[in-house]
Amino acid sequence: MVTAENVAAFMAQRLEEEKGMLIQARIADEISKKFGGEFLYPNENDNLAIDKEVLEIFRDYTPHVVWSRGDHLWRNRKPSDPDGRAVD
């Protein structure tokens with residue numbers, strides 16, 4: 001049985017493989033293909049979004065990562081980034 005933790009671990013692994021940048025649309029597509037749609041939902045723009053439980057676990061795995069709102073991706077934190085998990 002696949003769990004949210006399995007999906008979050010997969011995301012963390014892909015982040016490392018992609019040299020610290022994970023594009024939301026691409027990883028959502030990969031999750032869909034690998035695990036099915038159970039951990040995805042259509043957001044307000046009708047794009048695939050990742051289940052909130054998965055994202056909470058992913059945050060625990062990746063304290064060095066920020067969410068770039070404008071680019072719709074997760075990336076490694078830069079020294080110039082403000083505090084918090086999200087940047088513009």
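Bear in mind these aren't lab numbers, they're just calculated from the coordinates by the rules spelled out. Quick caveat: nothing in here was measured; it's all calculated off a predicted structure. With ideal geometry, Cβ positions are generated from the backbone for all residues, glycine too; neighbour counts draw on all protein chains shown.
Where only DSSP H runs of four or more residues are counted, the chain gives -12500 deg cm²/dmol as its mean residue ellipticity at 222 nm, each run worth -39500 (n - 2.57).
Residues whose amide H comes within less than 5 Å of that of VAL87, counting only those at least five positions distant or on another chain, are TRP67, SER68, ARG69 (H built at 1.01 Å from N in the peptide plane).
For ARG77, the shell of other residues with beta-carbons less than 11 Å away shows a net charge of +1, using +1 for Lys and Arg and -1 for Asp and Glu.
Is segment 37-88 rounded, prolate or oblate when judged by the Cα gyration tensor, a ≥ b ≥ c being the square roots of its eigenvalues, rounded requiring a/c under 1.5 and prolate requiring a/b larger than b/c?
On the way: a/c = 3.16, a/b = 1.57, b/c = 2.01.
Oblate.
Computed extension length for ASP71-LEU48: 6.8 nm, one decimal, from 0.36 nm per residue of separation with the Cα-Cα distance subtracted. Taking every C-alpha pair closer than 8 Å and separated by at least 6 residues, the mean separation divided by the residue count of the chain gives a relative contact order of 31 percent.
So which GluC sites (Glu not before Pro) in segment 27-57 pass both tests, a DSSP loop state and at most 14 other Cβ atoms within 10 Å of the Cβ? Listed in order of number, the matching sites are GLU44.
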